[in-house]
Every structure is written in C-alpha cells, then in structure tokens.
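Below is one structure, written out as structure tokens; comments come after it.
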Amino acid sequence: MTTTINEEISVELVDEAPHVFWWQRFAYRIVDTPQLFYKRRAPWWTNDRTSMHRVDDEFWRVAAVRDGAEEEPELYDLKNDGERWILAIRF
C-alpha cells in the first residue's frame, strides 16, 4: 500500500547519493543502489515556495530498512528540492 508522507527528513550522502536518512528519530539504512529521477516543478507563479532557479525536483527511489531492525527493506521516494529533503512516499 502506497502512503504519501511529505515530511522533512535529514539525509546523509555518499558520493552525492543518499546513504542513510532519519525519519521520526530513527535511522533508515539504504540497502540497494538508489535510483535518481526528476519531476518537473510547478511554474514559479503558481507557488510562492518554488524557486525560479530550478526547473525540476530531484527524487531518489531507495530500498531502506530501519537501522537495527530485522525487517524486509521497503521502498521510499526521497525528494530534494534544493533547500531540503522530504520523505515523499512509502510503498
């Protein structure tokens, strides 16, 4: 079941790709190669938070498991809008 989350998170990068992210006080370790994709942003005139300097938002689809948990990895979409990281979706 897909869940839209849209919460700000902290992300640790390795070689410019997400390696670990923190959500609700827990670290989530990325266990597979993150997949980068882009989504076109809404035009700047439709949203006051949209910068005129970026055309696309960067998304990373990652398989991650909560650090220390003995669970199967889950899929997440992490969004980088140039200013902050957002945990967008959990699959």
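Can you spot a residue in the stretch 25-33 that is at pLDDT below 95, part of a helix (DSSP H, G or I) and over 15 Å from Glu74 (Cβ atoms)? The answer is no; no qualifying residue exists. Restricting attention to the stretch 55-65, the residues that are modelled with pLDDT under 90 and surrounded by 14 or more Cβ atoms within 10 Å (Cβ to Cβ) add up to 1. Among the residues making up the stretch 66-80, those that are crowded, with 16+ Cβ neighbours inside 10 Å and either touching a Phe, Trp or Tyr at 6+ places or on another chain (Cβ under 7 Å) or of a type in the set (Ser, Thr, Tyr) (or both) are Tyr76, Asp77, Leu78, Lys79.
Checked against (1) assigned to a strand (DSSP E or B); (2) at pLDDT below 90, Leu75 passes all but condition (2).
Looking at the stretch 11-42, which of its residues are among the β-branched types (Val, Ile, Thr) and either touching a Lys or Arg at 6+ places or on another chain (Cβ under 7 Å) or exposed (fewer than 15 other Cβ atoms within 10 Å of the Cβ) (or both)? Val14, Val20, Val31, Thr33 - these are the residues of the stretch 11-42 that are among the β-branched types (Val, Ile, Thr) and either touching a Lys or Arg at 6+ places or on another chain (Cβ under 7 Å) or exposed (fewer than 15 other Cβ atoms within 10 Å of the Cβ) (or both).
The values are calculated or read from the model by the stated rules, or taken from the named source; none is laboratory data. Just so it is clear, the model here is predicted, and its values are computed rather than measured. Please note: Cβ atoms are built from the backbone with ideal geometry, for glycine as well, and neighbour counts cover all protein chains shown.
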